[in-house]
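Structure record follows, encoded as C-alpha cells.
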Amino acid sequence: MKLPKQKLTAVAVGLGLALGSASSAWSASLEEVMKERGLTQKDILAAAKTYTPTGGRDEYLMFSSGGQSGQVIVYGVPSMRILKYIGVFTPEPWQGYGFDDESKAVLDQGKVHGKDIIWGDTHHPAFSETDGEYDGKFLFINDKANPRIAMIDLHDFETKQIVVNPFFKSSHGGAFVTPNTEYVMEAAQYAAPFEDEFVPLEQFNDKYRGGVTYWRFDKKEGRIDPENSFTFELPPYSQDLSDAGKEVSYGWGFTNSFCSERYVGGIERGRPPFEAGCSQKDTDFLHITNWKKAEELVKAGKVKKSKGQYLITMEQAIAEELVFLVPEPKSPHGVDVNPKGNRIIVSGKLDSHAWVYSWEKIQDAIKNKKFEGKDPYGLPIIALKDALHTQVQVGLGPLHTQYDAKECVAYTSIYVDSMVTKWDYCEGKVLDQINIHYNVGHLVTMEGDSKSPDGKYLIALNKLAIDRFNPVGPLHPQNHQLIDISGDKMQLLYDMPLPLGEPHYVVGIKADKLKPAVRYKSGTNTRTNKRSEWATRAGREKVERNCDDQGNCQVHVYGTVIRSHITPEIIEVEEGDKVSIHLTNLERAQDETHGFAMYTHNVNLSMEPGKVSSYSFTADKAGVYPYYCTEFCSALHLEMQGYLLVKPKGYKMETGAMAEGQQYTQADYDKQVKTNLDTQAVIDSVVKFITSHNYKDFAPVVALVEDATEQLGFAADMKKKADEAVAKGDYHNATLWAGQWWQYQVKAADIGLRAKTYLEENGAKKVQ
Ligand code: K7E
Ligand code: CUA
C-alpha cells in the first residue's frame, strides 16, 4: 500500500523521528521500507512500541512455563526477545543441567518411587513475594504430570530444588505463593488414593481423595521445607487452580474444582465418558482454606504427620473450621484474587459469566456459621447468594483473570470467543474487547499477581497459532500476543511464536527488581550455593587415585579451566576405575564460560566463572577419549582440549620421550619473541588509550581491565619459564613457553580492545 507523504511525515513526527527534509535519505528509506514490506501506520507505531534498539534492555522480564518441555522460558517485554531457557524438570545440555553431578542431585530429588522422571508438564510459575509484592528472589513452578514443585533461584536463574508431593498423583493447582512466601500452594488435580496401593474405582467416593498442600518456604535457607509443610485432605473433586488471599483476605487460600459430580467414566465399560459425567451439575465448589489457623495447629503440635508431612484430615478440618465450600460456575478454570484481596473472580469454562465473590460476605457467613448445608463429606457450604458480589457477562468460555493498575479493572481470557475482555468488576460492566488469535488460555499483566499490578502490557497466551506464522509442519508453535493496555482501548502489538511446549502461564516482573550475579564466588557448587568440596585453585590441580584391598580404584581429578586450557590436559586411569572429574572455572571475567565434553561419555558441562562442575563415571572400556571445551571462549578455544587415556588393566607404560611433530631452534625462539614484543607494543597502545580516559567511571571497563591485567600476569610467568629454558640452552621448550606467553598476550589484547571499544561507544572523556 502507498502512504501519502504528509501522512508518513505525521507518523514519523508523532513517533518523534527526525525526518528532516523530504529528500533526506532517512525519510526516503522509511517510506520505501514501509511500501516494500506493506507496513501500515499502525504497524510502525506497534514497531516503535516494541522495537528495542541494539544494546537496549527490556522494562519487564517474563518467566514462562515451558509446558511439556519441563523448562522455564525467560523473555523480555516489550521486545518479546527470548533470553533464556532454564532447565527445571528436564535435562538441558547447554547448561550442563542433568549432566554434571551437582545438577543430577537436583533432578534426583524429583524421583518418584525411586524412578527417574526426566520431563515435567510445567504449568504455573510464581514469584516469591514480600508483603504482597514480587521481590525478585525466587521462582516456583509445578509439574502437573507428577505432583512436584521446583524452585529456581533468581540470583543465578538455576533450579535448586524439586519436591515431590507424598500424597497426590497429579497436581495442576500450583504454584501459588502466599504474600510473604510463607507457603507455596499446590492443589491436586485427578483424585487418587493417598496411599501407594491399588484401590478399585468402585471405592472412588470413600478412598480417592483430592487436596491442597501448603509447602513451607524457608526464606533464609532459600529452600522449601517439606517437614514443616501441611496438606488439607479434600473430597475427590478434581481441585484445580488456586490463589492465595492477600490484604484483607490474608491468611486464606482459594482453590476451585471441577467434576464435583465425582463421576468416574469408562467408555470401554459402556459408561458415558468423563466429559459428560463431569459437567452435569450447574455448579462446582470453590474451596476456601484457612492456612493461618492450620499453621497455628501445626505449630501447637495438633496435626498428625503422615509420610513425613503434616496431614489435616477432613475430620479435623471440619472440627477446627478450616475449610469451607462455595458453589462456583461449572467447570471453572481460574480463581484470581484482586489486588486489595476483597474480591475473588472465578469463571466457568462452560459459562459466559465471570463470577465476582465478596470476601466481606464470605467472612460474614463464616463468622455467623451461616451455611446452606454440608457436602457429602461434612464440609460446610456457604450459599451462593451469601458470597456473590456480582456476575458479569464477559464472553463465551472465560478462563483466567488478571488485574490492571487501575482499580476495579480486570482482564479475562475468553477461550471460545478468542477474545480478551476488559471489564470493571466493581460496577460489573464490560469496558473493551479485543480479538486474539486463537483460543486464549492464560493471560498476564505486568506484576499482575502482586498487590500493586503495573498493568501497561498484557500478554495473551494462545493455545492455537494456526495461520499466524510460517508453517513448520503439523506441530505448531504457540503464540504469545503482546497487547498494549495503557490506554482505554487495547492494542495488539506483536506475535511471538513459542516453540517449546505449551506455555500455560507466564509471570512478569519489573526487570530492575532482579539482581542476577554475573559470576560465582570462586569454587562454588551452584546447586547448593556452598563452596564445593572439589574446588581447586590455580596451580593446585592434582589427580588422586585410591584403591581398596580388592583393587577397586577411585580416581578424583581436581582440575581447572581458564582461557584456553583444561588442567590436567592428560588424564590417565586404568580400565575399571571409578573416575570423578571436578573442574573449577578460574575465570573472573564476565561471560567467560567454559564447557567440557568427552567422546562417548554423554556429557556436557557448563562452567560459568567461579563454578565447579563434576562428572563421575566408570572407565569401563580401555581406549583414548579426547575431551574439549564446548564454549567458543577465546581465539585458541579449539586448542582447549585434552585426552583421557584408559589403560588396559596391568598395562606397563612404554618409556620414551613424547614424540612431538616439531623441534624448535634458537631461530624459532627469536621469531616468537619478536612477535611477542610486537604484540606488547599493541597492548601498550591500548593501555595508553584506556588509562588516558576516565575508564574508572565505567564498571564494565574496570572489570575488563582487571581481567586483562591478570592475563598479563600469566604472560609474565610464562616469560620467566621461557627465560629459564634459555638459560639452560633448551630452545625447544623456550620457544613453547614463549608461545604460551604470547597466548596470554593475545587474550589481554582481546580484552583490552573490548574495553577500548566500550569507552569509545560510551563517550569516555580524555583525562590526560
Ligand atoms: Cu493451561 Cu492454568 Cu494449566 Cu489454564 S492452565 S489455560
Ligand atoms: Cu573454553 Cu572454549
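The values are calculated or read from the model by the stated rules, or taken from the named source; none is laboratory data. All values derive from a computational prediction rather than experimental measurement. Please note: Cβ atoms are built from the backbone with ideal geometry, for glycine as well, and neighbour counts cover all protein chains shown. Note: accessible area is taken over every heavy atom of the protein model, side chains too, but ligands, DNA and RNA are not part of it. Shrake-Rupley method; radii C 1.70, N 1.55, O 1.52, S 1.80 Å.
At least 1 residues being in contact with an Asp or Glu (Cβ under 6 Å, 6 or more places away or on another chain) is the threshold, and among the strands (runs of 3 or more DSSP E) wholly inside region 331-399 those reaching it are 332-337, 343-348. Once region 538-559 is narrowed to residues that are of a type in the set (A, V, I, L, M, F, W, C) and modelled with pLDDT of 95 or more, the residue that is farthest from the chain's Cα centre (by Cα) is Cys547. Does Val557 satisfy being hydrophobic (A, V, I, L, M, F, W, C), part of a strand (DSSP E or B) and either out of contact with any helix residue (DSSP H, G or I) (no Cβ under 6 Å at 6 or more places or on another chain) or open to solvent by 10 Å² or more (accessible area, probe 1.4 Å) (or both)? Yes: the conditions hold for Val557.
Considered as a group, the residues in region 407-422 that are closer than 21 Å to Ser452 by Cβ and part of a loop (DSSP other than H, G, I, E, B) include one that is nearest to ligand 1 (Cβ to nearest atom), and that residue is Cys408. Scan region 615-639 for residues that are surrounded by fewer than 20 Cβ atoms within 10 Å (Cβ to Cβ), modelled with pLDDT of 95 or more and not in a loop (DSSP other than H, G, I, E, B) and the total you get is 8.
Listed by position, the strands (runs of 3 or more DSSP E) inside region 180-288 whose residues that are over 30 Å from Ala300 (Cβ atoms) number at least 2 are 239-244.
Scanning region 434-456 for residues that are outside any loop (DSSP other than H, G, I, E, B) and either open to solvent by less than 40 Å² (accessible area, probe 1.4 Å) or closer than 14 Å to Val416 by Cα (or both) returns Ile434, Asn435, Val440, Gly441, His442, Leu443, Val444, Thr445, Met446, Gly455. Residues to consider are Val392, Val416; find the one that is open to solvent by 70 Å² or more (accessible area, probe 1.4 Å), in contact with a Gly (Cβ under 7 Å, 6 or more places away or on another chain) and more than 16 Å from ligand 2 (Cβ to nearest atom). The conditions single out Val416.
Residue by residue, here is whether (1) within 16 Å of ligand 2 (Cβ to nearest atom); (2) surrounded by fewer than 16 Cβ atoms within 10 Å (Cβ to Cβ); (3) more than 16 Å from the chain's Cα centre (by Cα) holds:
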site	(1), (2), (3)
Gly473	no, yes, yes
Lys489	no, yes, yes
Asp495	no, no, yes
Glu502	no, no, no
Val506	no, no, no
Ala511	no, yes, no
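Looking only at residues in region 159-174 that are touching a Lys or Arg at 6+ places or on another chain (Cβ under 7 Å) and over 18 Å from Pro236 (Cβ atoms), the one that is surrounded by the fewest Cβ atoms within 10 Å (Cβ to Cβ) is Val164. If we only count strands (runs of 3 or more DSSP E) wholly inside region 41-146, which ones have 1 or more residues that are open to solvent by 30 Å² or more (accessible area, probe 1.4 Å), at pLDDT 95 or above and charged (D, E, K, R)? Output list reads 82-87, 133-143.
Identify all residues within region 571-611 that are more than 30 Å from Glu706 (Cα to Cα) and either in a strand (DSSP E or B) or within 16 Å of ligand 1 (Cβ to nearest atom) (or both); write none if there are none. Once the filter is applied, which keeps residues that are more than 30 Å from Glu706 (Cα to Cα) and either in a strand (DSSP E or B) or within 16 Å of ligand 1 (Cβ to nearest atom) (or both), region 571-611 yields Ile571, Glu572, Val573, Glu574, Lys578, Val579, Ser580, Met598.
Residues in region 296-314 that are touching a residue at least 60 places away in the same chain (Cβ under 8 Å) and closer than 19 Å to Ile366 by Cα: Met314 only.
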